[in-house]
Amino acid sequence: MNAFAGGDSPASVDRIAEPWGVRTPYASGAEWPVRTDVQLYPGVTEEEVERWVPAASLLHSNGDAMDIAVRDGRMVGVRGRAVDRVNRGRLGPKDLFGWQAGGSADRLTRPLVREGGRLVECDWEHAMGRLVDRSKRLLEERGPGSIGFYTTGQLFLEEYYTLSVVARAGIGTAHLDGNTRLCTSTAAEALKESFGCDGQPGSYTDVDHADVIALFGHNMAETQPVLWMRVLDRLEGAAPPRLVCVDPRPTPAARRAAVHLAPRAGTNVALLNALLHEIIRTDRVDHDYVRAHTVGYDELAARVEGCTPRWAARICDVPATAIEEAAELLGGAERLLSTVLQGVYQSHQATAAAVQVNNLHLVRGMLGRPGAGVLQMNGQPSAQNTRECGANGDLPGFRNWQNDEHVADLARIWNVTPQTIPHHTPPSHAMQMFRYAEQGTIRMLWITGTNPAVSLPELSRIRSVLRQDRLFTVVQDLFLTETAQLADLVLPAATWGEKTGTLTNADRTVHLCDKAVEPPGEARPDLDIFLDYAARMDFRDKDGGLLVSWKDAESAFEAWKLCSAGRPCDYTGLSYDRLREGSGIQWPCTEEAPDGTERLYTDGITWAHPDLCEEYGKDLVTGASVEPVEYRSLNPDGKAIVKAAEYLPPHEDTTPRFPLQLTTGRTLYHFHTRTKTGRVPRLDAAAPELWAEISATEATARELAEGDLVEVTTPRGAVRARVRVTAIRDGMVFLPFHYGYWDTPEGHRPPDGTAGRAANETTITDWDPVSKQPVFKTAAAQVRLLERGDGTPAPAPTVTASAPAPTPGSGS
Amino acid sequence: MNGVALTLRTLHHGEHTLERQLLNAAERHHAEHEIHHVATDLAHWSHEHGTLLADTAPAYGLDLSGPPDHPVYGLMTSLREKTADMLGRRPEPGLLLLHDLRDLYLAAAGNSLYWEMLAQAAQATKDTRLLELASSCHPQTLRQARWANTMIKNLSPQLLTGS
């Protein structure tokens, strides 16, 4: 197979073994060179491809542009798009191979309905009839609060927007959220807390200019491999940046870092407060910037006054000198880029910690110019759209549910009364929706494109919620996932390459994905299913017109443009034609900024004014809402808010019985619950089975060796995994969260009486009170030998964070 | 005993009571995970306030030997949590939750007013130590009350209308 072609790179690099490919070094301030990555079906050449159809990655949040190769009505490969600003032709391993998943033989091709305890095939008419009957009956008997929608970060903008209108104005329920709650809600919340409004301040092009890049809980090499290629190419070029990496695992970024801090899980706020303490103590503060553009600095200075590196060293278990070195790099940077991801977002005190990264940039005046930026990253490909469209616990267009003017504006766009749109409480978050379902007040849950039976914490609880007779569970997906197996109604959906829509990446770049091939069987685009539902429910506006008046993806996009007008995520300058002709464009894109906007906040803070802001903020410890009048008096001129937070110990600490900290995470080769990547032979083979990482010290202490079969147990449950001994910090065990049961005999759960395979059997039900993002990275566990290995290493990748520990004396 | 000493004693009792109420709520609503975890965190604040008040007491001729140490996690706690989890499938505990949150709000508001009185008295008598104590504790008391208020606001619609 021609694994790699184009550019001036070697023609055959195995991109499973060498995930980041060959280097194209470039100097600070230069343009990132093009390198075009191509992967075609064995035996197919580029000349034999009949059509190249524009698309962007749907297997991570980086938004890498590509073209899908089509021949004889089938996908036969992909090629990175050289002109695109995001990837300049490059693709990561998941994109090079992941397109094969759609062609799997076990795709759902017909709706399924539960009859006599079993799921049986039916036609769409019957399936939609069931759905509509149940919806109408619940509306009549129990009201809109009995219906909930749990969506994803993997559909298209047009689909979220339609779902948002259906849920909020059609049904009139507050219960609409995405699994983006698990990946990106802290990013959104941290931006709202600091800048009054969601919207990524920085741009990927900041990598081209930065002299220091700080990665906070961000295993960039695995979660956004193409962005990491950009960093690697800077590291190989002239005037390379220096890296600061905060991660308990020996990630590729940690190995390249000038300073690597590996703190105890759950102590990010202590560490960041100490870094801020040092910045302030050494007066690396941009006082002019602070004065002109922020409020709250004095409170921060007071809060971190006692947070010395020595204080933090005791809490975080990292050397005080290393904290000082990191602070020296951050304080001395002229162009500082920080990136933040799940090591912060899925850990204890998530928002409080993410906000301190924003504070680092505010006090240093490191925003809005080349190389000086914050990237509060996303986990999923279209998580940004879930947020914008109001399907992730916000109102569409970053409108403020507490601001009556905003609600009235939305009501005007939808031509409904403001009372139609629930805004007496914040839109419900996913964990609360599952609690309402557990309690029996939500009686119908429509789950689209996500797999909570593997991805939510404490799976035995989640299975028991989904299994309830009184809950009508609808699952719309590509495959019979673990969750679908528990459903009452299963709707087969089309996916990437089989439908048209747009998606927006973590640096606000909008891409169009066009339909390349037909979906299998009777599978339908999610948008068509929502439109069909809206029509059958006969949702009307206040004048009796159709509430959802659009008919296809492009008209849905046009409707969204009207909703986005005048808001930070303004799409009015975009169109399908423009996106098709060129490539990705960053919002806001308007008449005044027709080519999009590279960086936000280039000239002060623009969306924090009390009349404009998306949220008035919350208490960073309790999650209590800040009232509008308080916000107005705190921040009358709409500046950035420097918000301090005190460190609190994690909720579940280690004990003699559970002596190790448990943290879960991901690997380069899989996405989410392996629904797609587990069906792609090369990706599956690269990481076929669950493993557990521990340090050499912990292995020795337990007389464990590489490849031994162990049971990892917490108060919630247990999994069985092979031991991988790595350079992870001592006192910790790491489990990848991707693995579930669809490819096991039981299908959706562990075998009776046996430990499972899904890391979330063990995780705690706890979430950040501010962003409501579940805590997947702070729990306590024990590890116990089940069976000695035969010398075979654990089935874990070897070139990523799970690389085996260097053996003593090897010199590395 | 003068008014300040009397108020210190009453507030000491109030903080201890709030700590206990928060911990009880955390146990009783074990299946309401956010309530459980945040109430436990906020109980620590009241515990600290109690300790600080006891430390200050001798200067005002008072002996507040302090509340007992953190309540022990024992059999009763575990039983209450188990009961909460078993009842977690029923909607009625939702009403109990709202009732408990209301009590927490009122207790925190009561303590807040005592902190207010002490701060005013401290300013009138230029009592720096007392003013510092009130200034450092009072904001947390207000945050406890706001938390209870926010939870009531967010949960009431579903808990009162769903059944």
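The values are calculated or read from the model by the stated rules, or taken from the named source; none is laboratory data. A quick note: this is a predicted structure, and the numbers were derived from the prediction, not measured. In this analysis, Cβ positions are derived from the backbone assuming ideal geometry, glycine residues included, and neighbour counts consider all displayed protein chains. What goes into the accessible areas is simple: the full protein's heavy atoms, side chains included, and nothing from ligands, DNA or RNA. Shrake-Rupley method; radii C 1.70, N 1.55, O 1.52, S 1.80 Å.
Evaluated against (1) open to solvent by 30 Å² or more (accessible area, probe 1.4 Å); (2) part of a strand (DSSP E or B), A:A781 falls short on exactly one condition, (1). Only one entry of B:H44, B:H33, B:H29 meets the criterion of being within 21 Å of A:D766 (Cβ to Cβ), within 14 Å of chain A (Cβ to nearest Cβ) and within 14 Å of the chain's Cα centre (by Cα), and that entry is B:H44. Number of residues in the range A:413-467 that are assigned to a helix (DSSP H, G or I), hydroxyl-bearing (S, T, Y), farther than 24 Å from A:R540 by Cβ and more than 10 Å from chain B (Cβ to nearest Cβ) equals 2.
Taking helices (runs of 4 or more DSSP H) as the structural unit, those lying wholly within the range B:73-163 and holding at least 3 residues that are modelled with pLDDT of 95 or more and more than 18 Å from the chain's Cα centre (by Cα) correspond to B:92-124, B:128-161. Each residue in the range A:440-457 was checked for being under 27 Å from A:G756 (Cβ atoms) and surrounded by fewer than 23 Cβ atoms within 10 Å (Cβ to Cβ), and 1 pass. Within the range A:754-772, can you find the residues that are assigned to a loop (DSSP other than H, G, I, E, B), open to solvent by 10 Å² or more (accessible area, probe 1.4 Å), more than 12 Å from chain B (Cβ to nearest Cβ) and modelled with pLDDT of 95 or more? Those that are assigned to a loop (DSSP other than H, G, I, E, B), open to solvent by 10 Å² or more (accessible area, probe 1.4 Å), more than 12 Å from chain B (Cβ to nearest Cβ) and modelled with pLDDT of 95 or more: A:A755, A:R757. Just a yes or no: is a residue in the range A:656-677 open to solvent by 10 Å² or more (accessible area, probe 1.4 Å), within 14 Å of chain B (Cβ to nearest Cβ) and either hydroxyl-bearing (S, T, Y) or without any contact (Cβ under 8 Å) to a residue 40 or more places away in the chain (or both)? No, the range A:656-677 has no match at all. When A:P649, A:P628, A:P610 are screened for being assigned by TED's automatic domain parsing to the domain that holds A:A262 and touching a residue at least 40 places away in the same chain (Cβ under 8 Å), only A:P628 passes.
Tell me yes or no: at least one residue of the range A:527-545 is of a type in the set (S, T, Y), part of a helix (DSSP H, G or I) and closer than 26 Å to A:R412 by Cβ. Checked the range A:527-545: at least one residue is of a type in the set (S, T, Y), part of a helix (DSSP H, G or I) and closer than 26 Å to A:R412 by Cβ. The listed residues are A:E614, A:E591, and the only one of them that is more than 14 Å from chain B (Cβ to nearest Cβ), outside any helix (DSSP H, G or I) and open to solvent by 30 Å² or more (accessible area, probe 1.4 Å) turns out to be A:E591. Which residues, counting only those in the range A:617-633, are surrounded by fewer than 21 Cβ atoms within 10 Å (Cβ to Cβ) and either basic (K, R) or more than 14 Å from chain B (Cβ to nearest Cβ) (or both)? Correct list: A:R632, A:S633.
Would it be correct to say that A:R234 is of a type outside the set (V, I, T), more than 18 Å from the chain's Cα centre (by Cα), open to solvent by less than 10 Å² (accessible area, probe 1.4 Å) and closer than 30 Å to A:W20 by Cα? For A:R234, the condition - of a type outside the set (V, I, T), more than 18 Å from the chain's Cα centre (by Cα), open to solvent by less than 10 Å² (accessible area, probe 1.4 Å) and closer than 30 Å to A:W20 by Cα - is met. Right, A:G21: in contact with a His (Cβ under 9 Å, 6 or more places away or on another chain) and at pLDDT 95 or above or not? Answer is no for this residue.
When the range B:134-158 is limited to residues that are hydroxyl-bearing (S, T, Y) and more than 9 Å from chain A (Cβ to nearest Cβ), the one that is nearest to B:A122 (Cα to Cα) turns out to be B:S135.
Considering the range A:98-200, the qualifying helices (runs of 4 or more DSSP H), each wholly inside and each with 1 or more residues that are basic (K, R), open to solvent by 10 Å² or more (accessible area, probe 1.4 Å) and over 30 Å from A:G365 (Cα atoms), run over A:124-141.
Yes or no: A:R256 open to solvent by 10 Å² or more (accessible area, probe 1.4 Å), over 23 Å from the mean Cα position of the chain (by Cα) and either without any contact (Cβ under 8 Å) to a residue 40 or more places away in the chain or not assigned by TED's automatic domain parsing to the domain that holds A:A327 (or both)? The answer is yes for A:R256.
Looking at this structure, is A:T713 of a type in the set (S, T, N, Q), modelled with pLDDT of 95 or more and in contact with a strand residue (DSSP E or B) (Cβ under 6 Å, 6 or more places away or on another chain)? Yes; evaluated as a whole, the condition is true for this residue.
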